[in-house]
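Below is one structure; the comments refer to it alone.
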Amino acid sequence: MKTAYISHHDCTLHNMGAEHPESPLRLTAILDQLQDTRLNQELDFMRAELVNPDHVRRVHPATYVEQLDLIQPKKGRIYADEDTIMMPDTMRAAKLAAGAAVQAVDAVMSGQNKNAFCATRPPGHHAERNKTMGFCFYNNIAVAAKHALDFHGLERVAIIDFDVHQGNGTVDIFQNDPRVLVCSSFQHPYYPFSHHAVDQPNILNLPLEAHTQGLSFRNKTEAAWLNELQNHKPQLILISAGFDAHKNDPMADLELDKTDYRWITQMLMDVAKYYSNDRIVSILEGGYNLKALAESAEQHLEVLAGY
């Protein structure tokens, strides 16, 4: 079985402006890297489908979902919040990103694919239950997790978020749901300045000081997460794959490199082998230096694909 690579051209149509870091070029850079290294030949490419609204409403209130559709402009751009811009193609892209997350869970749970990567945008992990934030509209990883729990009947899943920014939205949604273990590493103090102090047994926040390097990151994540993952025994591992903790990324001040993403992917593959029947779904979050993003995503996908 191959690793599924789920994407859609229309995820590039959401465009918050030429100077905005969350650019359509992010998806193009990853795909170009996979073609240049020929890793694309080892992947099972799938076209993302629009999400069923019921899947989104498992995570976000119906009023929130309806409001996003109502405020989307027919032309030009508006601000959904101070960081998150909407334009005419935004919600189609968001619905494809959330739909890809559901497809990925279905592909992995059915045994069609051993694991999956969603190369989609807009990202999702900052979207709280009732609030857009940080370039995010729907919380894609939360939609995936709820689908795994409610439709596929799983009892335990784990979400690992190694983006440089804390997955505040994911914590907001699952902080009272012990079925979901949420592990989030992030630069601190730093955006989004919320949910980093949530004290719940299923929430493992790992704040990292600015300029933390790869070896320290590896030691701290392993110490903070590995035993808890083993105790939780997740039946599915979900990854919020943010590559903006790379030392060349302009958005923050952690100092990882592409080999650190390879290492953490391998650690999670080892956990999945023992507890999750190898089942992993990874969803793109951050990463804003195009070269660093492409090379890091390639390393992540190489491990998922078994190379």
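Laid out as a table, the results:
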item: Options LEU301, LEU293; residue that is in contact with a strand residue (DSSP E or B) (Cβ under 9 Å, 6 or more places away or on another chain), in contact (Cβ under 8 Å) with a residue 40 or more places away in the chain, closer than 20 Å to LYS2 by Cβ and part of a helix (DSSP H, G or I); result: LEU301
item: Condition broken by SER240, with the remaining ones in (1) of a type in the set (Gly, Ala, Ser); (2) closer than 17 Å to ILE173 by Cβ; (3) touching a Cys at 6+ places or on another chain (Cβ under 8 Å) satisfied; result: (3)
item: Top-ranked residue in the stretch 66-93 [being of a type in the set (Val, Ile, Thr) and either outside any helix (DSSP H, G or I) or in contact (Cβ under 8 Å) with a residue 24 or more places away in the chain (or both); ranked as surrounded by the fewest Cβ atoms within 10 Å (Cβ to Cβ)]; result: ILE78
item: Residue within the stretch 182-192 that is surrounded by fewer than 16 Cβ atoms within 10 Å (Cβ to Cβ), outside any loop (DSSP other than H, G, I, E, B) and out of contact with any Ser or Thr (no Cβ under 8 Å at 6 or more places or on another chain) present; result: no
item: First in the stretch 8-33 and farther than 17 Å from GLN72 by Cβ, second anywhere and among the basic types (Lys, Arg), Cβ under 6 Å, 6 or more apart; result: HIS8/ARG47
item: Breaking point among (1) surrounded by 17 or more Cβ atoms within 10 Å (Cβ to Cβ); (2) over 25 Å from MET133 (Cβ atoms); (3) without any contact (Cβ under 8 Å) to a residue 60 or more places away in the chain, for THR221; result: (2)
item: Residue satisfying condition, being under 17 Å from ALA241 (Cα atoms), in a strand (DSSP E or B), of a type in the set (Gly, Ala, Ser) and in contact with a strand residue (DSSP E or B) (Cβ under 7 Å, 6 or more places away or on another chain), within set ALA116, ALA101; result: ALA116
item: Residue within the stretch 269-276 that is at pLDDT 95 or above, within 18 Å of the chain's Cα centre (by Cα) and surrounded by fewer than 19 Cβ atoms within 10 Å (Cβ to Cβ) present; result: yes
item: Unique match (being out of contact with any Ser or Thr (no Cβ under 7 Å at 6 or more places or on another chain), modelled with pLDDT of 95 or more and not β-branched (Val, Ile, Thr)) among GLU228, GLU255, GLU298, GLU285; result: GLU228
item: Flag if TYR288 is within 17 Å of the chain's Cα centre (by Cα), aromatic (Phe, Trp, Tyr) and buried (at least 18 other Cβ atoms within 10 Å of the Cβ); result: yes
item: Candidate set: the stretch 144-171, residues that are over 11 Å from the mean Cα position of the chain (by Cα), outside any loop (DSSP other than H, G, I, E, B) and among the hydrophobic types (A, V, I, L, M, F, W, C); chosen: the one surrounded by the fewest Cβ atoms within 10 Å (Cβ to Cβ); result: LEU149
item: Output for the stretch 218-253, where each listed residue is under 19 Å from TYR191 (Cα atoms) and out of contact with any Leu (no Cβ under 6 Å at 6 or more places or on another chain); result: SER240, GLY242, ASP244, LYS247, ASN248, ASP249, PRO250, MET251, ALA252, ASP253
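Per-residue answers, yes or no, for (1) among the β-branched types (Val, Ile, Thr); (2) free of Cβ contacts under 8 Å to residues at least 40 places away in the same chain; (3) more than 23 Å from GLU22 (Cβ to Cβ):
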{"site": "LEU206", "(1), (2), (3)": "no, yes, yes"}
{"site": "ALA241", "(1), (2), (3)": "no, no, no"}
{"site": "ASN248", "(1), (2), (3)": "no, no, no"}
{"site": "LEU254", "(1), (2), (3)": "no, no, no"}
{"site": "THR265", "(1), (2), (3)": "yes, yes, no"}
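The values are calculated or read from the model by the stated rules, or taken from the named source; none is laboratory data. The shown structure was predicted, so the numbers you read here are calculated from the model rather than taken from an experiment. As a convention, Cβ positions derive from the backbone with ideal geometry for all residues, glycine included, and neighbour counts pool all protein chains shown.
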